[in-house]
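Since the structure comes first, as structure tokens, the remarks are kept for the end.
The values are calculated or read from the model by the stated rules, or taken from the named source; none is laboratory data. Predicted model only: the values in this text are computed from it and were never measured. Here the Cβ positions follow ideal geometry from the backbone for every residue, glycine too, while neighbour counts run over all protein chains shown. Heavy atoms of the whole protein, side chains included, go into the accessibility calculation; ligands, DNA and RNA do not. Shrake-Rupley method; radii C 1.70, N 1.55, O 1.52, S 1.80 Å.
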There are 2 protein chains.
Amino acid sequence: MDKQKINAMIAAKTWSAQPWKQGLEKMPSFGTVDVWPKAQDLETIDALFVWKPLDRGVIERMPQLKWISSLGAGVDHLMNDPQIPRHIPITRIVDPWLARDMSNYVIMGILMHQRSMDEHKINQQKMDWNRLPYHPLKIGVLGLGALGGHLAQQLVDLGFEVLGYSRTRKHIEGVKSFDENEMDAFLSEPDVLVNLLPITSQTTDVLDLNFFAKVRTGTYLINVARGNHVVEEDLVNALDQGQLCGALLDVFREEPLPKEHPFWNHPKIKITPHVASVTSPESAINLLENNAKRLIKGQSLLHQVDIELGY
Amino acid sequence: MDKQKINAMIAAKTWSAQPWKQGLEKMPSFGTVDVWPKAQDLETIDALFVWKPLDRGVIERMPQLKWISSLGAGVDHLMNDPQIPRHIPITRIVDPWLARDMSNYVIMGILMHQRSMDEHKINQQKMDWNRLPYHPLKIGVLGLGALGGHLAQQLVDLGFEVLGYSRTRKHIEGVKSFDENEMDAFLSEPDVLVNLLPITSQTTDVLDLNFFAKVRTGTYLINVARGNHVVEEDLVNALDQGQLCGALLDVFREEPLPKEHPFWNHPKIKITPHVASVTSPESAINLLENNAKRLIKGQSLLHQVDIELGY
């Protein structure tokens with residue numbers, strides 16, 4: 001590239017862009033850093049950093065645009081947006097802290113389930129000294145990418161028996177791995193299922209009636225990937241019929257979860273408001289700086305998304 | 001030893017001894033395995049396995065006794081019992097699963113605190129989508145023995161900053177260690193304090209007013225060691241004055257915790273009924289078999305207790 005600094009535009013809908021702007025401005029490879037909807041000098045913008053959704057007409061006014069990045073791990077908001085051109089490299093944040101936080105949240109969910117913490121809480125209110133037993137659990141991790149792979153490894157280290165499912169078979173020490181042709185065998189074993197699949201046209205609605213029919217009776221479900229993986233009615237049915245014994249849900253088809261949604265007061269559903277893993281500006285900014293440096297030098301960008309696969 | 005099989009007596013007060021008896025009888029190094037109060041043939045007993053308290057007059061009727069083992073990690077019930085002779089080796093159960101279960105329970109407690117799970121539960125009841133933030137935490141582990149050392153290592157692997165305190169300085173990768181002369185410096189740093197000290201005359205009542213005055217304002221306490229470490233009134237004071245922001249307690253001076261005890265409905269105390277780590281008969285029996293073999297061969301026993309130190 002024939003310049004030494006990257007001019008960036010941040011378009012973040014759901015939270016304040018100021019810490020990102022301030023952080024990026026301090027990095028050596030960034031020149032101007034603007035926040036959408038600032039509408040001047042769009043023709044000098046090299047990089048667009050997006051957290052969803054992106055307003056219409058932003059990109060067509062940036063003739064110099066060379067790089068688009070999601071400001072989180074997810075890129076579905078970019079993949080599904082027809083205004084995103086296919087010839088510009090798209091990257092996402094692969095943050096070691098993100099994987100750590102996601103893992104830790106899931107570990108907490110598994111342990112709270114294993115140790116019957118909701119029942120212990122009720123027992124405390126009743127002043128009831130009831131020593132509820134706990135048992136070893138088999139954990140099935142759906143999706144063994146950056147997040148699922150990290151989680152699977154951590155669960156092995158904590159002494160759990162771990163099974164993993166991914167499109168192509170992955171090799172992770174101590175993890176019994178299944179590929180896309182072995183979903184049924186995979187689903188028949190775990191006591192707890194954790195969804196960390198990427199969201200693509202193939203994986204949308206994958207947690208449906210047919211899927212829940214294949215799990216062990218009394219499986220506990222943790223969904224930390226995307227709400228669109230789940231057919232919500234089918235999930236409620238699987239819970240009501242006992243096919244699932246409970247669910248910890250951090251993501252939903254519509255967020256914030258609407259007030260009238262039946263999930264809120266379902267006795268077998270525990271809800272957190274999309275907080276399993278929140279990208280911290282500090283670590284993401286280091287990654288963006290790294291890629292800005294690579295763009296200036298003409299090197300390929302890190303953590304680029306495969307448009308065909310959708311992740 | 002001039003015999004090929006160990007005759008054992010199990011004296012377990014708080015739970016059924018039958019699974020232990022059946023398990024030990026299947027092991028090659030055990031002969032007869034009786035359960036107290038069986039009063040015949042006491043003169044042939046080689047080994048006594050105890051879970052507290054032990055009735056008076058048991059030991060003096062066992063002239064051949066060569067080995068006493070606790071059936072758990074704790075040995076305070078034996079150390080404090082004047083009828084236990086000092087010349088007979090005393091061992092305890094050091095069970096890798098015990099360390100794993102203890103670690104996992106503490107990890108759960110730390111994560112539930114870090115992720116504000118109690119507030120999220122209340123928010124769910126109010127259908128309130130409030131994305132509570134989380135922050136990195138410094139964890140201080142009091143006691144770096146078999147359990148505390150394992151926990152400290154696991155916490156490092158999960159991405160926590162970890163400090164450790166023990167009588168003599170321990171070297172654990174990634175853990176900032178303090179010795180018995182550095183308690184004040186140790187206490188000034190952590191956001192969460194985990195008590196895994198052994199219980200001895202020196203450590204009884206160590207968590208008192210003076211101790212709580214030295215921690216950071218708003219420290220969260222997890223006690224999984226022994227109730228006798230804690231001066232209960234001082235703990236309630238520290239919580240009420242905000243010196244501690246909350247406490248997860250699994251052990252108590254009196255167990256079961258009496259109905260009228262103020263801990264039950266203190267808003268900042270979470271109670272579980274001594275379930276952080278429960279020795280499983282299977283793994284403990286393997287360890288007892290191992291030591292029985294060593295006793296027959298005249299080898300020193302594994303996991304022997306130092307009478308002088310009291311642990």
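Summary of computed values
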{"quantity": "Percent accessible area from carbon and sulfur atoms, the range A:234-293, protein chains only, probe 1.4 Å", "calculated": "50"}
{"quantity": "Rel. contact order, % - alpha carbon contacts under 8 angstrom, at least six apart, chain B", "calculated": "17"}
{"quantity": "Nearest-20 debye value, the range A:7-73 charge dipole, Cβ charges on Lys, Arg, Asp, Glu", "calculated": "220"}
{"quantity": "1.4 Å probe accessible area per residue over the protein assembly as shown, in Å²", "calculated": "43"}
{"quantity": "Rg [Å, one decimal], Dmax [Å, integer] - the range B:1-156, C-alpha atoms", "calculated": "22.2, 72"}
{"quantity": "Accessible surface buried once B binds A (1.4 Å probe; total of both sides; Å²)", "calculated": "4300"}
{"quantity": "Stokes-Einstein D for the protein assembly as shown, Kirkwood Rh over Cα pairs, 25 °C, 0.890 mPa s (µm²/s)", "calculated": "90"}
{"quantity": "Residue A:264 long-range amide H proximity, modeled H, under 5 Å", "calculated": "none"}
{"quantity": "Part-to-part distance (alpha-carbon centres) for the range B:220-252 and the range B:84-134, which is given in Å", "calculated": "15"}
{"quantity": "Amide H partners (placed H, <5 Å) of residue A:244, local residues excluded", "calculated": "A:218, A:239"}
{"quantity": "GluC sites (Glu not before Pro) within the range B:233-281, DSSP loop, no more than 14 other Cβ atoms inside 10 Å", "calculated": "B:254, B:260"}
{"quantity": "Accessible-area composition of the range A:75-222, carbon plus sulfur, in percent [1.4 Å probe]", "calculated": "51"}
{"quantity": "Mean ellipticity per residue at 222 nm, deg cm²/dmol - from DSSP H runs of n ≥ 4 across chain A, formula -39500 (n - 2.57)", "calculated": "-8000 deg cm²/dmol"}
{"quantity": "Straight-distance crosslink candidates among aspartates and glutamates, where the alpha carbon sits under 13 Å from residue B:268 and sequence neighbours closer than 8 are dropped", "calculated": "B:118, B:119, B:240"}
{"quantity": "Hz values of 3J(HN,Hα) by residue in the range B:199-210 - Karplus curve (6.51, -1.76, 1.60), Gly and Pro given as x", "calculated": "9, 9, 4, 6, 9, 4, 6, 6, 8, 10, 3, 4"}
{"quantity": "Dipole in debye (nearest 20) - the range A:96-271, about Cα centre, beta carbon charges: Lys, Arg +1; Asp, Glu -1", "calculated": "460"}
{"quantity": "Most mobile of B:32, B:219, B:279 in a GNM of chain B (Cα contacts under 10 Å)", "calculated": "B:32"}
{"quantity": "Relative contact order %, the range B:119-162, counting alpha carbon pairs below 8 Å whose residues are six or more apart", "calculated": "32"}
{"quantity": "Cα extents of the range A:96-271 along the three principal axes, largest first (Å)", "calculated": "50, 37, 32"}
{"quantity": "Amide H partners (placed H, <5 Å) of residue A:178, local residues excluded", "calculated": "A:164, A:165, A:166, A:170"}
{"quantity": "Listed residue pairs exceeding 27 Å between alpha carbons, taken from B:52/B:214; A:66/A:170; A:21/B:126; A:13/A:259; A:138/A:270; B:52/B:259", "calculated": "B:52/B:214; A:66/A:170; A:21/B:126"}
{"quantity": "Approximate spin-label separation residue A:86-residue B:56, in nm, with each point projected 7 Å along Cα-to-Cβ", "calculated": "9.0"}
{"quantity": "Protection proxy ranking of B:82-92, B:132-142, B:108-118 - average other beta-carbon atoms within 10 Å, highest first", "calculated": "B:108-118, B:132-142, B:82-92"}
{"quantity": "Gain on full stretching of the segment that runs from residue B:171 to residue B:297 - 0.36 nm per residue minus C-alpha separation", "calculated": "42.0 nm"}
{"quantity": "For the range B:71-85, 3J(HN,Hα) per residue [Karplus equation, 6.51 cos²θ - 1.76 cosθ + 1.60, θ = phi - 60°, Hz, x = Gly/Pro]", "calculated": "8, x, 6, x, 10, 4, 5, 7, 4, 8, 9, x, 7, 7, x"}
{"quantity": "Shielded by partner chains, the range A:111-128 residues - at least 30 Å² of accessible area, 1.4 Å probe, vs chain alone", "calculated": "A:111, A:112, A:115, A:117, A:120, A:121, A:124, A:127"}
